[in-house]
Amino acid sequence: MTEDKRRLIYGRRQGRPLKTGARAAFDADLPRLALPLERLGDPAALFPGLGRLALEIGFGGGEHLAAQAAAHPDTGFIGAEPFLNGVAKLALAARDLANLRIHHGDARDVLERLPTASLDAVFLLFPDPWPKARHHKRRFVSQANLGEIARVLKSGGVFRVASDIADYVRWTLIEIARFNRANGDAFLWRARQAADWRLRPADWPATRYEAKALAAGRVPAYLEFARP
């Protein structure tokens, strides 16, 4: 579905003018890192020899995605982000990473084109909370998007969501419970005790947005769901 025919789920596309290094990376490196959407029917071909595939939805400044790609060279990583400044930062950080591709745009462009059961992990970290009630319909966690995530995740694949907004955490749990009621427990919440969602797992790299949230006194929640 084209962007002009569907509801926007993100705000601005650019912030401050890019610094020289970020602009150079955007111009020189993004063409090499850019994800060819037309080839997503066979995503394994984009990462020859790699056995796993993961997607980050709205990667912000790219810290988490770059760290994951560096730590897991056996996994192909796709990042989708409409914000130009974040794309430029990741392009600069990913110059030496061969297992990463970037879609400068809406993550739904990627999800809609991926084959069924093609991903091992999906990350949605600190998404725009759209705090006003009239904007809740723009939140990424929705029945339609959960349907696409459930479709593309392999059995045993994980869906990780982080937010420092308590209402968005509640929203996520309610939407997933609602989706499960209609689809037979498509997402299993892995938490067994409070620490499982209060503490960031060791293999979950921090982001600068998370650091800002903690500095402001907001407490993030780290949710992990498994696909049966």
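The values are calculated or read from the model by the stated rules, or taken from the named source; none is laboratory data. This structure is a prediction, so every number in the text was calculated from the model and none was measured. Note that each Cβ is placed from the backbone with ideal geometry, even for glycine, and that neighbours are counted across all protein chains shown. Side chains are part of the model used for accessible areas, which takes the heavy atoms of the whole protein and leaves out ligands, DNA and RNA. Shrake-Rupley method; radii C 1.70, N 1.55, O 1.52, S 1.80 Å.
Per-structure values
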read-out	value
When residues of segment 133-155 are limited to those that are crowded, with 19+ Cβ neighbours inside 10 Å and touching a Leu at 6+ places or on another chain (Cβ under 8 Å), the one farthest from ASP185 (Cα to Cα)	PHE140
Search result, residues across segment 45-76 that are free of Cβ contacts under 8 Å to residues at least 40 places away in the same chain, open to solvent by 20 Å² or more (accessible area, probe 1.4 Å) and touching a Ser or Thr at 6+ places or on another chain (Cβ under 9 Å)	GLY51
Selection from segment 63-98 of residues that are small (Gly, Ala, Ser) and either in a strand (DSSP E or B) or modelled with pLDDT under 95 (or both)	GLY76, GLY79, ALA80, GLY86, ALA88, ALA91, ALA93, ALA94, ALA98
Any hit, segment 113-132, residues being of a type in the set (Lys, Arg), buried (at least 18 other Cβ atoms within 10 Å of the Cβ) and at pLDDT 95 or above	no
Scope segment 182-209; condition open to solvent by 50 Å² or more (accessible area, probe 1.4 Å), part of a loop (DSSP other than H, G, I, E, B), among the small types (Gly, Ala, Ser) and farther than 23 Å from ALA67 by Cα; matching residues	GLY184
Selection count where residues are buried (at least 19 other Cβ atoms within 10 Å of the Cβ) and small (Gly, Ala, Ser), scope segment 212-228	1
